[in-house]
Each structure stands twice: as C-alpha cells, then as structure tokens.
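Engineer: Structure provided below as structure tokens; questions to follow.
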Amino acid sequence: MHFIFRHKNPKTGEIEEKHTKKPTANIDSYFTGRKTHLYTLVVNPGQTFEMLIDNGLVNKGSLLTDVSPPVNPPKEIEDPNDKKPADWDNREK
C-alpha cells in the first residue's frame, strides 16, 4: 500500500511526486486470502493524513515531514565545496 501525491512548488512551479514512508502497522495480514478490503485515506486540515484498511489505522503522519522528498526543504543545506579562507583566524576573541 502506497500513498503518492503531487506537489507544485510555489516558487519554481515545478511539480514533484511525494511518497509517504512505509506503513507503521504490519499490513501483510490484509493481503493473505481472497477477501475484499476497504481502503481509506483521510487528509486533515492540519496537514496530516491517516491511512486505514477496513477502518483500522495502518499509517499516519504529516504531509510536510513524513513524506520523501519533504515538502519543506531543510533549513540549512550542506555545501560540499565550502572551505575556510586561508587567512581565517580560529582564536577566540
């Protein structure tokens, strides 16, 4: 079971697919046998979601943090080319 949604970046206009993380519950038991199941996705106004199978909660989280790649970018981005200048002084003031 997988939940994917498309998100349009408000600054660039680029559309990305966001994938939720794996369900927190063991869902293998639902797929044994030949029974039909009721799949439900609840998206709440507070940017959270819940995934249910037969009204049993199997996954929940935030649309902003519990998806990959995240909707909100990290506050700091590591720069692999970042170096200290040759005349940098490490002494405390």
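Every number here is computed from the coordinates shown, using simple stated rules; none is lab data. As the structure is a computational prediction, the values presented were derived from the model and not from experiment. Cβ sites come from the backbone with ideal geometry, for glycine too, and all protein chains shown count toward neighbours.
Engineer: Could you tell me which residue out of 52, 77, 20 lies farthest along the dipole of the chain toward its positive end? Charges go on the beta carbon: Lys and Arg +1, Asp and Glu -1, centred on the Cα centre.
Structural biologist: Among 52, 77, 20, the one farthest towards the positive end of the dipole of the chain is 52.
Engineer: Let me ask another. May I ask you to evaluate 6.51 cos²θ - 1.76 cosθ + 1.60, the Karplus curve with θ = phi - 60°, for each residue of region 62-69 and list the ³J(HN,Hα) values in order in whole Hz, giving x for glycine and proline?
Structural biologist: 9, 5, 8, 10, 9, 10, 10, x
Engineer: Now for a separate question. Taking a 32 Å limit on the Cα-Cα distance, which of the listed pairs 35/60; 22/75; 18/84; 22/84 fall beyond it?
Structural biologist: Violating the 32 Å limit, Cα to Cα: 18/84; 22/84.
Engineer: Determine the dipole magnitude for region 1-88: charges of +1 sit on the beta-carbon of Lys and Arg, -1 on that of Asp and Glu, nothing else is charged, the reference point is the Cα centre, and the result goes in debye to the nearest 20. It would help to have the intermediate numbers written out before the result.
Structural biologist: Details: 12 positive and 12 negative charges, 72 e Å.
Charge dipole of region 1-88: 340 debye, to the nearest 20.
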